[in-house]
Structures are given as C-alpha cells and as structure tokens.
1. How much length is gained on full extension from I70 to A91, taking 0.36 nm per residue of separation minus their Cα-Cα distance?
2. If you compute Cα Rg over 2.2 N^0.38 Å for the structure shown, which of [x] 1.36; [y] 1.58; [z] 1.18 do you land on?
3. Please list, by residue number, every one of the chymotrypsin sites (Phe, Trp or Tyr not before Pro) in the stretch 7-69 that is coil in DSSP and has at most 10 other beta-carbon atoms within 10 Å.
4. Between L44 and D58, what is 0.36 nm times their sequence separation minus the Cα-Cα distance? Round to one decimal in nm.
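Where a number appears in this text, it was derived from the coordinates with a stated rule and is not lab data. Being a predicted model, the structure only gives us computed values, none of them experimental. Heads up, the Cβs are rebuilt from the backbone with ideal geometry, glycines too, and the neighbour counts pull from every protein chain shown.
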Amino acid sequence: METKLEHTPGPWRAYRGRGTATSPHYVTTESGMIPIAQTGRYDLASWADARLIAAAPDLLAACNDLLQEIGRVVKLDVRKHFSLMVQIQAARAAIAKAQKGD
C-alpha cells in the first residue's frame, strides 16, 4: 500500500542568506515560523533553488487543479491529442513524485 506524503502547508517563502560564501538561503512557511529547507551555499543558483522550493506548494496545487479541469472539460482523442496526453502523463508523474517520492 502506497502512502501519500503530506507536506507542510504553503505558502512558503524564500529568504536570501547573509551574503557570505558560507551563508545559505532559507525557505520557511510564509510566517517564517517553520523552516522548510536551506541551500548549501550563497550564489545565484542556490537562490534560484530556494525560490523553486518556495513555489513548490503552489506549483503542486496548480498542476492538480489543471489536470482535474482538463479531465472535466476535455474528451481527449489519442489520434488528435497525443502530445497533450504525453504532457498530462508527465504532469501526473511529477505530482506522484512530489506526493509519494521516487
């Protein structure tokens, strides 16, 4: 039986580190009260990582909502919508990875 992982509810917020080579960036709940993650270094790539992590709950919710709406309003024909169906499967796989792990 697979277990659905529950994450800390969003929204999350990214905070820049102090500007030294050893000070990481942080991600917390929007209130700043619950730490979510920290990056390993202070540079532009790790700041981008922190922002992506902070956006994760919103991205997950948007993907779930979009897939639900597509399923509700669109009847897909594999001959006409193959590319869209491939992208839907990719979105479902990403959601599963986020909710159940690798």
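1. That works out to 6.4 nm of additional length.
2. Correct label is [x].
3. Listed in order of number, the matching sites amount to none.
4. Length difference between fully extended and current span is 2.8 nm.
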